Amino acid sequence: MTDLAGKTVLVLGGSRGIGAAIVRRFVAGGAHVGFTYAGSQAAAQAVAAETGAEAIKADSADRDALVATIAARGPLDAIVINAGIAIMGDPLQTDADAVDRMIDINVRAPYHAAVEAARQMNDGGRIIVIGSVNGDSMPFPGGAAYAMTKSALQGMVRGLARDFGARGITVNVIQPGPTDSHMNPADGPMAAFMHSTMAIKRHARADEIAEYAAYLAGPHAGMITGALQTIDGGFGA
Ligand code: NDP
């Protein structure tokens with residue numbers, strides 16, 4: 001594959017799951033890829049050794065460190081803002097600090113990262129954020145705060161698409177449905193319920209999400225911007 005040949009790309013949260021699949025796909029497409037991680041050093045080193053991508057320790061919850069990391073990469077052709085966590089449970093029982101940390105990682109970080117990336121970005125660049133189908137719907141209790149963080153990304157990409165469109169920079173949010181990962185294992189306790197809501201009754205593979213990200217970063221997607229890119233097996237149909 002050469003669809004991303006010569007592109008300089010940064011993936012936030014590339015050590016595991018969907019982010020690691022995105023690193024693999026972008027490297028396979030010919031891109032020069034760096035990726036961040038926060039806690040999973042061994043996994044990050046394994047992805048780096050496998051792909052040749054550069055692993056960079058940078059906690060998305062630390063705004064100054066995140067912005068400095070992006071600025072240090074110089075002009076980017078694409079950024080994929082994937083890092084995210086899910087804090088779910090009874091809102092009356094859930095630790096408020098844990099919810100605030102999720103908001104920091106899932107909302108504050110994507111906004112400041114997207115803005116800094118655009119500051120550094122070549123014209124025609126691509127900003128891709130990994131949201132969730134839960135930004136559109138939350139069909140079970142306990143997910144209000146997580147859904148809130150993913151809905152926030154919808155407004156963000158619409159607005160930033162307007163801000164950066166004159167430079168040909170596109171801004172989109174990919175909204176996966178259930179996708180097999182540490183966060184949401186295909187054999188986890190919620191899997192059967194999730195599949196019951198879907199037209200295609202299985203978890204997506206991370207590489208299926210990565211392929212969508214590669215398309216949005218590639219040469220044929222220059223007119224797709226400010227839009228919700230849902231890939232959910234009919235979860236929301
Ligand atoms: P995983 O838990 O498997 O992986 C999360 C990745 O994000 C890891 O590489 C992790 O790195 C990184 N990360 C988490 N917190 C931070 C942080 N503070 N700073 C830097 N990196 C961080 O999750 P998924 O792959 O499933 O999820 C990836 C994205 O996709 C998330 O935004 C999630 O909300 C979204 N999503 C997932 C779905 C699913 O069903 N799996 C469905 C819809 C959306 P480290 O371990 O080093 O901290």
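Details
- Unmet criterion (only one of (1) out of contact with any Asp or Glu (no Cβ under 6 Å at 6 or more places or on another chain); (2) under 23 Å from A78 (Cβ atoms)) for R202: (2)
- G165 falls short of the stated requirement of being within 12 Å of the ligand (Cβ to nearest atom), among the small types (G, A, S) and outside any strand (DSSP E or B).
- Restricted to the stretch 60-159, the set of helices (runs of 4 or more DSSP H) holding at least 1 residues that are out of contact with any Phe, Trp or Tyr (no Cβ under 7 Å at 6 or more places or on another chain) and closer than 18 Å to K7 by Cα comprises 63-72, 109-120.
- Selection status of A86, among the hydrophobic types (A, V, I, L, M, F, W, C), surrounded by 14 or more Cβ atoms within 10 Å (Cβ to Cβ), touching a residue at least 24 places away in the same chain (Cβ under 8 Å) and touching a Lys or Arg at 6+ places or on another chain (Cβ under 7 Å): no
- Among the residues of the stretch 2-37, none is identified as aliphatic (A, V, I, L, M), touching a residue at least 40 places away in the same chain (Cβ under 8 Å) and surrounded by fewer than 19 Cβ atoms within 10 Å (Cβ to Cβ).
- On the stretch given as the stretch 107-150, residues that are without any contact (Cβ under 8 Å) to a residue 24 or more places away in the chain and surrounded by fewer than 17 Cβ atoms within 10 Å (Cβ to Cβ) total 0.
- Top-ranked residue of the stretch 23-46 - restricted to ones that are within 17 Å of the chain's Cα centre (by Cα) and more than 9 Å from the ligand (Cβ to nearest atom), ranked as farthest from P219 (Cα to Cα): G34
- Unmet criterion (only one of (1) within 22 Å of A78 (Cβ to Cβ); (2) more than 11 Å from the ligand (Cβ to nearest atom)) for Q175: (2)
- Filtering the stretch 184-237 to residues that are in contact with a Gly (Cβ under 7 Å, 6 or more places away or on another chain), within 13 Å of the ligand (Cβ to nearest atom) and of a type in the set (G, A, S) leaves A204, A206, G233.
- Scanning the stretch 1-49 for residues that are aliphatic (A, V, I, L, M) and assigned to a strand (DSSP E or B) gives V9, L10, V11, L12, V33.
- From G177, G233, G135, residue being farther than 27 Å from I70 by Cβ, touching a helix residue (DSSP H, G or I) at 6+ places or on another chain (Cβ under 8 Å) and modelled with pLDDT of 95 or more: G177
- Residue, farthest from the ligand (Cβ to nearest atom), within the stretch 50-59, restricted to residues that are within 23 Å of Y212 (Cα to Cα) and either of a type in the set (S, T, N, Q) or not in a strand (DSSP E or B) (or both): G52
- Across the stretch 168-194, the qualifying residues are those that are among the aliphatic types (A, V, I, L, M) and not in a loop (DSSP other than H, G, I, E, B), and the one among them that is farthest from I105 (Cα to Cα) is A192.
The values are calculated or read from the model by the stated rules, or taken from the named source; none is laboratory data. No experiment lies behind these values; they were computed from the predicted model shown. Every residue, glycine as well, gets a Cβ built from its backbone with ideal geometry; the counts of neighbours run over all protein chains shown.
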